[in-house]
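The values are calculated or read from the model by the stated rules, or taken from the named source; none is laboratory data. Small disclaimer: the values here were computed from a predicted structure and weren't measured. Cβ atoms come from the backbone with ideal geometry, glycine included; neighbour counts cover every protein chain shown. Remember, those area values only see protein heavy atoms, side chains included, never the ligands or the DNA or RNA. Shrake-Rupley method; radii C 1.70, N 1.55, O 1.52, S 1.80 Å.
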Amino acid sequence: AQRVTQPEKLLSVFKGAPVELKCNYSYSGSPELFWYVQYSRQRLQLLLRHISRESIKGFTADLNKGETSFHLKKPFAQEEDSAMYYCALSEGYGQNFVFGPGTRLSVLP
Amino acid sequence: GAVVSQHPSRVICKSGTSVKIECRSLDFQATTMFWYRQFPKQSLMLMATSNEGSKATYEQGVEKDKFLINHASLTLSTLTVTSAHPEDSSFYICSALRRWGDSKNYEQYFGPGTRLTVT
């Protein structure tokens, strides 16, 4: 069965510091990987997906099939980045989404 | 951007009664909607995939007779919690899949969630 792990429940960094939120997955096929973000008192929203290979709000994520990882990175964290981040996997074509446990990012002033 | 609404946002019901939660895609048609459950301080757990015009696909361990899903139109899916018990108290979140172009083009839009409390 497919599985998504995020080893850190909470990650605190200072403003301007680099940040990396880890995500590993297990799936025998060719998954599609996503990062979703939930800001305080807001609904969950898509941050980025590996197919797009784009940078959103300064965040990037590269799918590493060898390490089955999809870590989220940002070179200089901002206070407004503080939120809950979920890594998610789809079996493809928008089917069977599996979410990781989430990492709460706290960017300190 | 695409908007998904959920109604009600909060509901309290007595044990043994049934509760219906609506999920609507307001400005796009969605052949596929998802229902998730989120326990306090935990991640989202996919309960079922709702497909317009056909039966929902339930995840392992989710009772289909307890959580009735109906996706009668391209903009509306409903989740009915039947004979609710206190252990059904949770935060229920729906999402709708917007598709465009070929099969690889899609995005999942989430509703704001419904807090269900069963007393």
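Taken over segment B:1-67, the percentage of Cα pairs per 5 Å bin, counting from 0 up to the bin with the maximum distance, is 3, 13, 19, 25, 24, 12, 3, 0.
Largest mean-square fluctuation among A:Ser55, A:Ser30, A:Ser90, in a Gaussian network model of chain A whose springs join Cα atoms under 10 Å apart, belongs to A:Ser30.
Across segment A:4-9, coupling constants 3J(HN,Hα) worked out from phi with the 6.51/-1.76/1.60 Karplus curve, θ = phi - 60°, read 10, 10, 10, x, 9, 6 Hz, and Gly and Pro carry x. Taking the average, over residues, of other Cβ atoms within 10 Å as the packing measure, peptides B:103-112, A:3-12 rank B:103-112, A:3-12 from highest down. Scoring A:38-46, B:66-74 by mean Cβ neighbours within 10 Å over their residues and listing the highest first yields B:66-74, A:38-46. Taking a straight line from the alpha carbon of A:Lys73, these lysines sit under 22 Å away, with near neighbours fewer than eight places off in the same chain left out: A:Lys9, A:Lys15, A:Lys22, A:Lys57, A:Lys65. Relative contact order (percent) for chain B, with alpha-carbon contacts under 8 angstrom and 6 or more residues of separation? That works out to 35 percent.
Toward the positive end of the charge dipole of the protein assembly as shown, with +1 on the Cβ of Lys and Arg and -1 on the Cβ of Asp and Glu, the farthest Cα among A:Pro18, A:Phe97, B:His7 is that of B:His7.
Quick one: net charge around B:Ile93, please, counting Lys, Arg +1 and Asp, Glu -1 for every other residue with C-beta under 11 Å from its C-beta.
Working: positive: A:Arg43, B:Arg37, B:Arg115; negative: none.
Neighbourhood net charge equals +3.
For segment B:39-119, what mean projected area does the convex hull of the alpha carbons give, in nm²? Don't jump to the answer; show the numbers that get you there.
On the way: hull surface 25.5 nm².
Orientation-averaged projected area of the Cα hull: 6.4 nm².
What size of dipole, in debye to the nearest 20, comes out for segment B:1-57 about its Cα centre when the only charges are +1 on Lys and Arg C-beta atoms and -1 on Asp and Glu C-beta atoms? Kindly include the intermediate steps, with their values, before the conclusion.
Details: 7 positive and 3 negative charges, 68 e Å.
The calculation lands at about 320 debye.
Couplings 3J(HN,Hα) for segment A:74-90, derived from phi with the Karplus relation 6.51 cos²θ - 1.76 cosθ + 1.60 (θ = phi - 60°), are 8, x, 9, 6, 10, 4, 6, 7, 4, 4, 9, 10, 10, 8, 9, 10, 10 Hz, where x marks Gly and Pro. Across chain A, counting alpha-carbon atoms alone, Rg and Dmax equal 13.2, 42 Å. Peptide B:98-110 has a mean of 4 when you count, residue by residue, the C-beta atoms of other protein chains within 10 Å of its C-beta.
What's the total accessible area buried between chains B and A, using a 1.4 Å probe, rounded to the nearest 100 Å²? Show your work: numbers first, answer last.
On the way: alone 6770 and 6350 Å², together 11460 Å².
In total, this chain pair buries about 1700 Å².
In straight-distance terms, cross-link reach from B:Lys66 covers every one of the lysines whose alpha-carbon lies under 18 Å from its own, apart from those fewer than eight places away in the same chain; here that gives B:Lys14, B:Lys20, B:Lys55. Over all other residues within a Cβ to Cβ distance under 15 Å of B:Glu107, the charged ones net out to +1, with Lys and Arg as +1 and Asp and Glu as -1. Partner shielding of A:93-103 amounts to 6, given as the average count of beta-carbon atoms from other chains within 10 Å of each residue beta-carbon.
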